[in-house]
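**Q** Let me begin by handing over the structure; questions about it come next.
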Amino acid sequence: MAKHILSIHAHPDDAETLAGGTLALLASLGHRVTIATMTAGDCGAIETGPEETTNIRKREAETAAAVIGAASACVGFPDLGIFNNDPSRRSVVEFIRSMKPDIILTSAPVDYHPDHEATSLLVRDACFAVSVPNYHAGDARALEEIPHLYFMDPIEGRDREGSPVPPQFGVNVEEAMDAKRRMLLAHESQRDWVKRQHGIDNYVEAMESWTRSRGRHLGVAYAEGFRQYTSHPYPRSPLLQELAGRFLLSPDASRK
Ligand SMILES: [Zn+2]
């Protein structure tokens, strides 16, 4: 049966970089995919103001999602304005309830960017609340069940001290690399920004190099890593792993 996979990362192009191949494979297997960002990426530009940048980047995010037939959505926070507080949690709960996903992929709990970490925390705790009928968040009704929750890799697979954060399992995305490249290319306004802010000359090559490095870790050419959040009362069955099927990679397999 087709599932709804909802990706919620902080900014446009984060999910494409860290899980674009997996989302492409899931879409090609007939599942419904929505790529949501917490912000529209309004600070990620030099020459355009926040409003114009928001419009440009929302269009780019839609184009990127359309590459794999996915929908695009934005929760509506401003860049560097994602905080774990009561109104923010209610906004995220309302958003998740309106989407009714079976699986949520979100950012890693520890990552280089404050928005990434705040997104991870908010999405994790919002999932706890989505099925609680007496928790009110806008007009959306409580969900029957908490969606299966997964964290993507942190950027470059490292925490803030530079220590590696190993994935619990991986997805072999070799067959999805063409789609992943085209998704990233849709974020064309980021070419200049990433060069200025991060000193990265070519953001698509940076993504390829990262996906290759995760592949090396898991014994294939290209891979993406994930960790499932299974604390009480979150679902523990390996739904994403089952959907990944023949593309699933176990870290133990590569160590043999
Ligand atoms: Zn980001």
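The values are calculated or read from the model by the stated rules, or taken from the named source; none is laboratory data. The shown structure was predicted, so the numbers you read here are calculated from the model rather than taken from an experiment. Using ideal geometry, Cβ is built from the backbone for each residue, glycine included, and neighbour counts are taken over all protein chains shown. For accessibility, only protein heavy atoms count, side chains too; no ligands or nucleic acids. Shrake-Rupley method; radii C 1.70, N 1.55, O 1.52, S 1.80 Å.
**Q** Which residue, of Glu156, Glu208, is at positive phi and of a type outside the set (Lys, Arg)?
**A** Glu156
**Q** Of these, Arg196, Arg141, Arg158, which one is surrounded by fewer than 18 Cβ atoms within 10 Å (Cβ to Cβ), of a type in the set (Lys, Arg) and farther than 29 Å from Pro101 by Cα? Before you say what the answer is, go through the steps one by one.
**A** Working: Arg141 fails: farther than 29 Å from Pro101 by Cα; Arg158 fails: farther than 29 Å from Pro101 by Cα.
Step by step, each of Arg196, Arg141, Arg158 is checked, and only Arg196 is surrounded by fewer than 18 Cβ atoms within 10 Å (Cβ to Cβ), of a type in the set (Lys, Arg) and farther than 29 Å from Pro101 by Cα.
**Q** Quick check on region 1-11: of everything there that is open to solvent by less than 20 Å² (accessible area, probe 1.4 Å) and either free of Cβ contacts under 8 Å to residues at least 24 places away in the same chain or in a strand (DSSP E or B) (or both), which residue is farthest from the ligand (Cβ to nearest atom)?
**A** Per the criteria, the residue is His4.
**Q** Being part of a loop (DSSP other than H, G, I, E, B), charged (D, E, K, R) and open to solvent by 50 Å² or more (accessible area, probe 1.4 Å): is that true of Arg212 here?
**A** Details: part of a loop (DSSP other than H, G, I, E, B): no; charged (D, E, K, R): yes; open to solvent by 50 Å² or more (accessible area, probe 1.4 Å): yes.
Considered against the rule, which asks whether it is part of a loop (DSSP other than H, G, I, E, B), charged (D, E, K, R) and open to solvent by 50 Å² or more (accessible area, probe 1.4 Å), Arg212 comes out as no.
**Q** Do you know which of the residues in region 9-46 that are farther than 19 Å from Met207 by Cβ and among the aliphatic types (A, V, I, L, M) is farthest from the chain's Cα centre (by Cα)?
**A** That would be Ile46.
**Q** Still on this structure, please answer the following. May I ask you to list the residues in region 91-124 that are more than 15 Å from Ile146 (Cα to Cα), surrounded by fewer than 21 Cβ atoms within 10 Å (Cβ to Cβ) and either within 11 Å of the ligand (Cβ to nearest atom) or not aliphatic (A, V, I, L, M) (or both)?
**A** Scanning region 91-124 gives Ser91, Pro109, Tyr112, His113, Pro114, Glu117.
**Q** Sort through Arg59, Arg32 and tell me the only one that's more than 13 Å from the ligand (Cβ to nearest atom) and in contact with a strand residue (DSSP E or B) (Cβ under 7 Å, 6 or more places away or on another chain).
**A** Of the residues listed, the single one that is more than 13 Å from the ligand (Cβ to nearest atom) and in contact with a strand residue (DSSP E or B) (Cβ under 7 Å, 6 or more places away or on another chain) is Arg32.
**Q** How many of the residues making up region 154-188 are more than 14 Å from the ligand (Cβ to nearest atom) and part of a loop (DSSP other than H, G, I, E, B)? Outline the logic, then answer.
**A** Narrowing region 154-188 to residues more than 14 Å from the ligand (Cβ to nearest atom): 157-183, 185-186, 188.
Remaining after also requiring part of a loop (DSSP other than H, G, I, E, B): 159-163, 165-168, 173, 186, 188.
Adding up the residues that qualify gives 12.
**Q** Would you confirm whether any residue within region 12-29 is more than 21 Å from Asp153 (Cα to Cα) and more than 15 Å from the ligand (Cβ to nearest atom)? I'd like the intermediate steps shown before the answer.
**A** To start, the set of residues in region 12-29 that are more than 21 Å from Asp153 (Cα to Cα) comprises 28-29.
Next cut, more than 15 Å from the ligand (Cβ to nearest atom) only: 28-29.
Looking for residues that are more than 21 Å from Asp153 (Cα to Cα) and more than 15 Å from the ligand (Cβ to nearest atom), one finds at least one in region 12-29, hence yes.
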